[in-house]
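What follows is one structure encoded as structure tokens, with my remarks underneath.
Rule-based calculations on the coordinates, nothing more; no lab input. Every value quoted in this text rests on a predicted model; they were computed, and no experiment measured them. Neighbour counts run over all protein chains shown; Cβ positions are idealised from the backbone, glycine included.
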Amino acid sequence: MSYLENILRTDPAVVTAFSALKFVANDHMQHLRLCDLLEEIADSLPDRIDKAQCFHAALALQYRVNTHHQLEEEVLFPRLLARAGDNHDLERIFRRLSDEHRTDEGHCDEAIELLTRLSDGTPPFNMEAAGYLLRGLFEGLRRHIAFEQDHLLPIARKVLKKEDLEVLAAGIRDVLRGHMPTGFHLQLQ
Ligand SMILES: [Fe+2]
Ligand SMILES: [Fe+2]
């Protein structure tokens, strides 16, 4: 069970300017663990479903993904654009990443509904569609995260100044305060 609870863990526990980008990278790692869990659940359909896995996956989808997107779109992307000057390539990339966020959030909502049914022991309306939905979600998330890890964070480490990182850290603390469910292993400064 502890690996399931770790899906909800947020590190570093205290987010400062120094650790803000590390927080974003750690969040990506947690999302990748969540993707592995979604893949396990998809593989377990139709008759090896683990209700606890489904419960934790639904909770993690609900509290992790949207908050991460919000942070990137409200703080990280604008700060990067401000530091990069008139960079139309970067603008186009951020538009694409934001579009991918909306697509993934739509899939997340459907997946949360499905996983909640499964965690209650209720079979999905359509088993084949359920597997397809989960696979579409984790494949999309993995692609998106790989791009951000390989391209977005290296730029952020290079161009963001201390004041940007302070705003990012404050944004992280705000977002987490607003969305934290009971049982999140998190301490705020
Ligand atoms: Fe993103
Ligand atoms: Fe991200």
Problem set entry | Farthest toward positive dipole pole in region 2-179 [+1 Lys/Arg, -1 Asp/Glu at C-beta], among Thr103, Ala42, His88 | His88
Exercise. So, how do all the Cα-to-Cα distances of region 2-179 break down into 5 Å bins, in percent, from 0 on up?
Worked result: 1, 8, 17, 20, 18, 14, 10, 6, 4, 2, 0
Exercise. Which angle between 0 and 90 degrees, to the nearest 10, do you get for helix 88-119 versus the longest principal axis of the chain when only C-alpha atoms count?
Worked result: 30 degrees
Problem set entry | Distance in nm between pseudo-label sites at Ser44 and Tyr132 (7 Å out along the Cβ direction from Cα) | 2.3 nm
Problem set entry | Computed helical MRE - 222 nm, the chain, DSSP H runs ≥ 4 contributing -39500 (n - 2.57), nearest 500 | -23000 deg cm²/dmol
Seminar exercise, completed: Taking a straight Cα-to-Cα line shorter than 16 Å from Lys22, and setting aside same-chain lysines fewer than 8 residues away, one finds Lys158, Lys161, Lys162
Exercise. For the chain, modelled as a Gaussian network with Cα springs under 10 Å, which listed residue fluctuates most, Asp50, Asp164, Asp150?
Worked result: Asp150
Exercise. Most fluctuating residue of Ile145, Ile155, Ile112 in a GNM of the chain with Cα springs under 10 Å: which is it?
Worked result: Ile155
Exercise. What angle do you read, to the nearest 10 degrees and between 0 and 90, between the alpha-carbon axis of helix 127-147 and the longest principal axis of the chain?
Worked result: 20 degrees
Seminar exercise, completed: Listing Thr103, Thr116, Thr122, Thr67 by rising number of other beta-carbon atoms within 10 angstrom, fewest first, gives Thr122, Thr103, Thr116, Thr67
Exercise. Using the scaling law 2.2 N^0.38 Å as the reference, what is the normalised Cα Rg of region 51-109?
Worked result: 1.40
Problem set entry | Residues of region 86-123 with amide N under 18 Å of a point placed 7 Å along Cα→Cβ from His151 | 86-104
Problem set entry | Stretch gain in nm, segment Glu91-Thr116, where the contour uses 0.36 nm per residue and the Cα spacing is subtracted | 5.3 nm
Problem set entry | Within the chain: Cβ-based charge dipole about Cα centre, in debye rounded to nearest 20 (Lys, Arg +1; Asp, Glu -1) | 620 debye
